[in-house]
Amino acid sequence: MNLELTFGNDPIHKPSIHAFLEATLRQFDFQSVARQRLSAFLESAVDEAISSAYQDGESGVIKISFLEEHGKLEIRIRDFGIPKDVDSMERSLQQSLQTQNGQTNYLDADVVDEVHWLNFGPNGKSLQLVKWLHETHIEAGSDAKPISSSNPQVPLALEQHYAVRRMKADEAEQVSQLMYLIYGNTYFNEDVYYPERVAAENSRGTVASYVAVNQKDQVVGHYALVRESEGPVAEAGQAVVAPAHRGRGLLGQMKELALSDASHSDLMGWYADAVTVHTHTQKSNLAYGGKLTAVNLAIAPKKEHFDSNQEQTQRITCLMYFHWLQSVQPSRLYPPAQHLEVLEEIYQRLACSPEFLGGNHPTGMGSLEVKITNGAARANIYCKTLGKNSLHQIRQVRRRLVEQTGIAVVFLDLPLTDPACPHLVSELESEGFGFLGVAPSFSNQGDLLRLAYLVEPLTREAIKTVDETAGRLVDYAIAEQKRVSGLIA
């Protein structure tokens with residue numbers, strides 16, 4: 001389905017918009033209550049756009065579009081006015097969707113799965129909603145039981161031949177079962193628990209799943225390359241092997257096949273978040289030539305467990321290791337002077353020598369995009385362009401996310417290719433955003449500087465590092481958080 005309705009910002013259009021939304025939503029297999037709540041959500045956003053997207057007395061255009069592909073429904077409400085009312089739109093949505101105890105909770109699974117703000121600066125804004133039509137969780141019909149510390153040691157399967165290859169569409173259910181077996185309900189990316197979503201994402205090309213299959217045609221291992229970034233990079237992860245089939249090199253074989261395919265694609269590189277609960281994944285990335293570029297403090301919830309089934313004492317920190325697939329061309333970057341030394345060290349590890357230049361004060365209007373990951377209580381702000389309004393935009397969004405949405409950590413990516421980057425970083429540090437490192441090629445414009453705003457305190461002792469290089473960058477990120485916010489215990 002691909003539908004779009006264009007209308008003016010005159011309240012006279014509201015009855016027609018209501019009829020359009022009702023008729024469109026009835027074409028999907030929603031339960032009555034869910035459909036009503038989604039309709040109320042959309043009408044509230046449309047009302048806000050009509051009333052405040054444009055200056056008083058100014059006529060303007062608003063568009064609402066529906067795009068459904070492979071079971072993923074994307075709805076956008078787009079205006080072309082001044083992007084000054086994102087915050088009030090958010091409040092209006094929250095007021096229209098209250099939970100029974102009076103607390104706002106408009107991101108319930110039966111309303112929408114994701115909400116993204118797309119801010120186009122002087123060209124307006126768009127509210128982007130994502131609703132998966134696939135809602136059958138693997139736990140509902142799976143015989144797989146999650147591993148727990150009380151389970152007896154799983155005996156090893158007989159030695160046998162394994163096939164390592166791309167996942168077939170009809171194997172998606174086994175992949176979801178395997179993820180549930182290892183992680184229970186704790187894996188932060190909830191899509192892995194919905195077989196139809198796993199199959200749909202592979203069909204769309206946003207995920208490439210690789211599996212290890214035993215002689216009984218059972219999926220006993222999984223590894224994936226995920227393309228969520230705007231830039232030509234992919235994340236490697238979702239790596240699991242069934243306990244009965246461990247110690248046989250299956251993870252390495254799946255990874256080798258995935259990286260071989262990636263080397264023949266348009267990707268510039270791939271990256272992996274190595275946990276600091278232990279150092280195994282850090283060692284693996286180093287063995288494959290990974291270069292440490294950032295410390296993703298508090299990126300995952302502490303409820304996520306790792307075979308021991310023990311909840312962590314604090315949110316989980318990961319180290320980002322980047323791997324080039326193509327040769328790198330030198331670029332012009334505008335780093336903040338206070339972090340120049342550590343940035344030079346990062347780029348030295350990456351074996352590239354960009355030209356570091358001084359920055360300028362921002363001009364024009366900035367634009368940004370916000371992505372909320374509900375399962376991880378995490379949000380990512382991606383600044384497309386930096387402008388005079390960027391600090392205000394980021395400040396308002398951060399406040400909304402933390403105070404009204406219950407987000408525990410806000411990651412912020414700034415384009416290092418923008419001359420306004422150094423000036424904005426200094427201002428953001430006074431708002432509590434601390435340095436984490438570099439996300440290479442994460443944008444089509446080039447490398448991004450990553451900062452984070454933490455809500456919960458962290459202790460250094462719980463973060464395990466494999467070598468001096470990792471320890472030094474973690475210490476630096478921890479010290480920066482303490483300097484800008486005092487949130488380190």
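The values are calculated or read from the model by the stated rules, or taken from the named source; none is laboratory data. Just so we're clear, the structure is a prediction, and the values are computed from it rather than from any experiment. When we count neighbours, we look across all protein chains shown, and the Cβ atoms used for this are built from the backbone with ideal geometry, even at glycine.
A few remarks follow.
- Hey, Glu369 among the acidic types (Asp, Glu) and more than 21 Å from Ser229 (Cβ to Cβ) or not: no
- Sole residue being surrounded by fewer than 17 Cβ atoms within 10 Å (Cβ to Cβ), of a type in the set (Ser, Thr, Tyr) and either in contact with a strand residue (DSSP E or B) (Cβ under 9 Å, 6 or more places away or on another chain) or in the same structural domain as Arg450 (by TED's automatic domain parsing) (or both), chosen from Ser265, Ser229: Ser265
- In the range 50-96, residue surrounded by the most Cβ atoms within 10 Å (Cβ to Cβ) [restricted to those that are at pLDDT below 85 and small (Gly, Ala, Ser)]: Ala53
- Scanning the range 392-404 for residues that are in contact with a helix residue (DSSP H, G or I) (Cβ under 9 Å, 6 or more places away or on another chain) and surrounded by fewer than 19 Cβ atoms within 10 Å (Cβ to Cβ) turns up Arg395, Gln396, Arg399, Gln404.
- Given (1) at pLDDT below 95; (2) in contact with a helix residue (DSSP H, G or I) (Cβ under 6 Å, 6 or more places away or on another chain); (3) among the hydrophobic types (A, V, I, L, M, F, W, C), index of the condition Val295 fails: (1)
- Residues of the range 371-395 satisfying the condition of being over 11 Å from the mean Cα position of the chain (by Cα), in contact (Cβ under 8 Å) with a residue 60 or more places away in the chain and not in a strand (DSSP E or B): Gly387, Asn389, Gln393
- The set of residues in the range 340-370 being closer than 21 Å to Ala452 by Cα, under 28 Å from the mean Cα position of the chain (by Cα) and free of Cβ contacts under 8 Å to residues at least 60 places away in the same chain consists of Leu340, Glu344, Glu345.
- Put simply, of Tyr210, Tyr180, Tyr162 the only residue that is more than 30 Å from Asn374 (Cα to Cα) and either outside the structural domain of His70 (by TED's automatic domain parsing) or buried (at least 18 other Cβ atoms within 10 Å of the Cβ) (or both) is Tyr162.
- Single residue of Pro335, Pro330 found to be crowded, with 20+ Cβ neighbours inside 10 Å and assigned to a loop (DSSP other than H, G, I, E, B): Pro335
- Evaluated against (1) crowded, with 19+ Cβ neighbours inside 10 Å; (2) modelled with pLDDT under 95; (3) not small (Gly, Ala, Ser), Leu414 falls short on exactly one condition, (2).
- Subset of the range 50-73 (residues that are farther than 21 Å from Met1 by Cβ and either in a loop (DSSP other than H, G, I, E, B) or touching a Leu at 6+ places or on another chain (Cβ under 8 Å) (or both)): Ala53, Tyr54, Gln55, Asp56, Gly57, Glu58, Ser59, Gly60
Listed here are the residues, each with its yes/no results for (1) among the polar types (S, T, N, Q); (2) under 22 Å from Lys482 (Cα atoms).
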position	(1), (2)
Asp418	no, no
Pro422	no, yes
Ser426	yes, yes
Phe435	no, yes
Val438	no, yes
Glu456	no, yes
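- Some residue of the range 360-383 being within 15 Å of Thr417 (Cβ to Cβ), of a type in the set (Asp, Glu) and outside the structural domain of Leu118 (by TED's automatic domain parsing): no
Residues are listed down the side, and each one gets a yes or a no for (1) basic (Lys, Arg); (2) in contact with a Pro (Cβ under 7 Å, 6 or more places away or on another chain); (3) under 25 Å from Ser426 (Cα atoms):
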{"position": "His323", "(1), (2), (3)": "no, no, no"}
{"position": "Ser331", "(1), (2), (3)": "no, yes, yes"}
{"position": "Gln338", "(1), (2), (3)": "no, no, yes"}
{"position": "Glu341", "(1), (2), (3)": "no, no, yes"}
{"position": "Glu369", "(1), (2), (3)": "no, no, yes"}
{"position": "Ala379", "(1), (2), (3)": "no, no, yes"}
{"position": "Lys384", "(1), (2), (3)": "yes, no, yes"}
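- When the criteria are applied in full, Ala377 meets the requirement of being crowded, with 17+ Cβ neighbours inside 10 Å, among the small types (Gly, Ala, Ser) and either under 30 Å from Thr279 (Cβ atoms) or at pLDDT 95 or above (or both).
- Residue match in the range 343-352 (condition: acidic (Asp, Glu) and under 25 Å from His278 (Cα atoms)): yes
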